[in-house]
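Down below is the structure, laid out as structure tokens.
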Amino acid sequence: MKTDLSLILYNKYFNLKNRVIEIELKSHKVKTGKFIGFIKGNKTYISKWHFDNSNVIIGIDTFGFLIGEIINQKSISKIKFLEDNTIMNF
């Protein structure tokens, strides 16, 4: 059975005190910020992440629209956790 990296990422991320991360996408774009939510998947634990580069608690604006962006789990190449400088490759 293939390891579900989204579940490992979830457990690692939500056990951090400083949750600022650096994401490198498969398109070679690098983004720094925090996960502020996620969408559960059918085959994997998490299929998409709600990501934003500001310090928000709730990922919606005053009009009820999502802020930040939705990142597909499959489009993530690697994540660097800035708290302990570890890197998780996908």
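The values are calculated or read from the model by the stated rules, or taken from the named source; none is laboratory data. As the structure is a computational prediction, the values presented were derived from the model and not from experiment. Using ideal geometry, Cβ is built from the backbone for each residue, glycine included, and neighbour counts are taken over all protein chains shown.
In table form, for the structure just shown:
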| read-out | value |
| --- | --- |
| All positions within the range 66-90 that are in contact with a His (Cβ under 9 Å, 6 or more places away or on another chain), among the hydrophobic types (A, V, I, L, M, F, W, C) and either at positive phi or surrounded by 15 or more Cβ atoms within 10 Å (Cβ to Cβ) (or both) | 71 |
| 3 or more residues surrounded by 12 or more Cβ atoms within 10 Å (Cβ to Cβ) and at pLDDT below 95: qualifying strands (runs of 3 or more DSSP E) within the range 1-65 | 30-40, 46-52 |
